[in-house]
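Just below is one structure, and these are the notes that go with it.
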């Protein structure tokens, strides 16, 4: 597919931070839109990279993490994931997040892809890893994490996507990518 519009048609006039905390900054930009009219554009800047991990054993089982998501006001099944500070190595962050949430260590790691999570309103991006040759130990969860860990066949996890049992973007992308890799 050919990129036909690589130049930025938006013009920035000014920017101000509306909100800032240790995890995000919300800015409101005054812009000139592609059609030449004045406008505003809100952007959420994340101070972490999103990291997702698909743990996979030799029998094609994976693990999901369930937790209540405050922003959605509902329970969510997801791949193990977390935030990694922008300056931290993504693989080191993935190793830490897998151990924190599940207690697992993996001998073999593969970075699968980079993803923009919601590029119309945020500059957040993430990476998804495949973790294999798993070892099991104790988790080290954050105080805010009340998690349930569930082992299931990879195919069953993938089937949860069209059934609506998994709605998280990073989880969907990661599971479908690995399913295609594995011929499922």
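Just so it is clear, none of the values below were taken in a lab; they were calculated from the coordinates. Quantities reported herein were computed from a predicted structural model and do not represent experimental measurements. Neighbour counts run over all protein chains shown; Cβ positions are idealised from the backbone, glycine included.
The figures follow:
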| item | result |
| --- | --- |
| Cα long-axis angle, helix 90-102 against the chain (0 to 90 degrees, to the nearest 10) | 50 degrees |
| Calculated FRET efficiency for the pair residue 70/residue 43, C-beta based, R₀ 22 Å, to 0.05 | 0.50 |
| Highest-first arrangement of 22-32, 72-82, where packing means the average Cβ count within 10 Å | 72-82, 22-32 |
| Fewest-first ranking of 102, 71, 117, using other Cβ atoms within 10 Å as the exposure measure | 71, 117, 102 |
| Bridge type composition, the chain - antiparallel percent by DSSP, nearest 5 | 85 percent |
| Cα centroid separation, region 96-166 to region 25-83 (Å) | 13 Å |
| Most mobile of 47, 155, 11 in a GNM of the chain (Cα contacts under 10 Å) | 11 |
| Nitroxide proxy distance, nm - points 7 Å out along Cα→Cβ at residue 169 and residue 29 | 1.6 nm |
| Ascending count of other beta-carbon atoms within 10 Å, so fewest first, for 136, 129 | 136, 129 |
| Label-point separation in nm, residue 108 to residue 8, each point 7 Å along Cα→Cβ | 4.3 nm |
| Residues residue 123 and residue 182, FRET efficiency given R0 of 25 Å [Cβ-Cβ distance, rounded to 0.05] | 0.20 |
| Radius of gyration, Dmax [region 48-181; alpha carbons; angstrom] | 13.7, 39 |
| Two-site FRET efficiency, residue 15 against residue 151, from Cβ-Cβ distance with R₀ of 45 Å, rounded to 0.05 | 0.45 |
